[in-house]
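Participant: After the C-alpha cells below, expect a handful of questions from me.
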Amino acid sequence: MAADMEVSMELRVLRYIVAVADTGSMTAAAGRERVSQPSLSRQIRALERNLGIEIFRRSGKHLEVTTAGVRFVQDARDLVLHARSLESTIRRGRSAEDVSVVCSPQLFDTLIVPAALSRGFPVRSLVVRESSEISDFVNEGYADLGISPIRGYKGLRSVPVTSVPLSLQIHPDVDPFQEHEISIARIKEELDVALVSLIPTRETRKMFDRFCISSGVDIEVDYEVETAQVAQLLAASNRFACVVSDDQPRFGLHSHPLRSESGDAALPIFALWKPDHAMASELLSIASKLGPSRSPVGEADVTSPARSAFRSS
C-alpha cells in the first residue's frame, strides 16, 4: 500500500486532478495534460482508492468536485503552482551541463556521441528511451530536452536540428555497387543477398517505405529486426544487406546513401522541449550542437513544415 501511495501522489497526478476540476471532464483534462484518457482516469481512481475518498462525482455529462474533494483540489492546485515556481527558480540557476536529455538508442550512437566529443553536447544527465516514449518523457518533466526522429505533439516546441541519411550497408565481399551513392531502384535490380530492415513501427522503416513508394519501386524486405545494430551485424556476415539511418557503418561495412529522382532519403531529427521551459533559449543553443556547425538551427512550430530537416547532413 505504501508503494501505491507513493506512486499515486506524484506531482503529475495532482496536475491531472486540477485539470479535471477545471474542465469537468476526464477527456478534456487528458487533452490539456497531453496524456491518454484511460491513463489519467486510472491514476486518479487509484489515488481516490488509496486516500479512501471520492474526489469527483458525475453530474450529468460533467464531473463535479465532491464536498470531500474541495479541500484536496485546492491543496493540489497550491502544490502544483508552488512546484512550477520552484522548478523555474532552480532552472534559472542551472548551467547547460546540468540539462537532462532523453534520446533513442540509435541516435545516441549516431548523433549524441559525436556531438559530445566534438561540440560539448551535455551527457551528464542522459537517458535512453524508445523513440515513441520521448515526447511523453519530456512532457512529464523527466527530461529537459528530447532528441527524436518523431516530431513532438502539439504543445511541445519541436525544432528540426539535422537529418540522418538512409543508407544501404553491405559487406565489401558481396557489394555490387561501385558508386558511393546509389538509386533505390538499383537495390531491386542488382542486390544478390537478402535484405534486412527494421520492423515497420520504426521511423527508419517508415521513411524507407515512403521513399520506395515515392520512387515507384517495390522492394521486398526479407528479414525484419528491432535495431540498426542487429541489422548491421547480420550484414557483416556477408549474407545480407541492411537499410538503416546510420551514417557510421560498423563491422567494416560499405555504406551507400540512397537517392531517387526526388533527392536524398533522410530521416529528420527533432529537438523537443516544453515551450514555457525556463531554459528555452539555452535548450535551443544546445540542440544546435547536433546540427551541422556551418548551419544555425532555426525554430519551427510543430505545425510548420521542416523542409530543411530532410536535407542530408
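The values are calculated or read from the model by the stated rules, or taken from the named source; none is laboratory data. Because the structure is predicted, anything quoted here is derived from the model rather than measured. Here Cβ is always computed from backbone atoms with ideal geometry, including for glycine, and neighbour counts include all displayed protein chains. For the accessible areas, the whole protein counts, side chains as well, though only heavy atoms, and no ligand, DNA or RNA atoms are used. Shrake-Rupley method; radii C 1.70, N 1.55, O 1.52, S 1.80 Å.
Participant: Restrict the check to segment 232-249 and report whether at least one residue is out of contact with any Ser or Thr (no Cβ under 7 Å at 6 or more places or on another chain) and among the acidic types (D, E).
Facilitator: No: zero hits.
Participant: Tell me which of these F56 doesn't satisfy, since it passes every other one: (1) at pLDDT below 90; (2) closer than 19 Å to A28 by Cα.
Facilitator: The number of the failed condition is (1).
Participant: Here is a further query. Kindly evaluate L234 against the criterion of being at pLDDT 85 or above and farther than 16 Å from L166 by Cα.
Facilitator: It is true that L234 is at pLDDT 85 or above and farther than 16 Å from L166 by Cα.
Participant: If you take the residues of segment 50-81 that are open to solvent by less than 70 Å² (accessible area, probe 1.4 Å) and of a type in the set (V, I, T), which of them is nearest to the chain's Cα centre (by Cα)?
Facilitator: Across segment 50-81, the extreme among qualifying residues is V80.
Participant: Another question, if that's okay. Show me the strands (runs of 3 or more DSSP E) found entirely inside segment 98-202 where at least 3 residues are modelled with pLDDT of 80 or more and surrounded by 20 or more Cβ atoms within 10 Å (Cβ to Cβ).
Facilitator: By residue number, 100-103, 145-148, 157-165, 167-170, 194-198.
Participant: Which residues, taken from segment 70-97, are outside any loop (DSSP other than H, G, I, E, B), at pLDDT below 75 and of a type in the set (S, T, N, Q)?
Facilitator: Result: S85, S88, T89.
Participant: Sticking with this one: Would you mind telling me which numbered condition in (1) open to solvent by less than 70 Å² (accessible area, probe 1.4 Å); (2) among the acidic types (D, E); (3) not in a helix (DSSP H, G or I) D209 fails?
Facilitator: (3)
Participant: Also, quick follow-up: Filter segment 247-287 for residues that are among the β-branched types (V, I, T) and more than 30 Å from I187 (Cα to Cα) and give the result.
Facilitator: I286, the sole residue that qualifies.
Participant: Can you report the number of residues in segment 258-299 which are open to solvent by less than 30 Å² (accessible area, probe 1.4 Å), part of a loop (DSSP other than H, G, I, E, B), at pLDDT 75 or above and in contact with a strand residue (DSSP E or B) (Cβ under 6 Å, 6 or more places away or on another chain)?
Facilitator: The total comes to 1.
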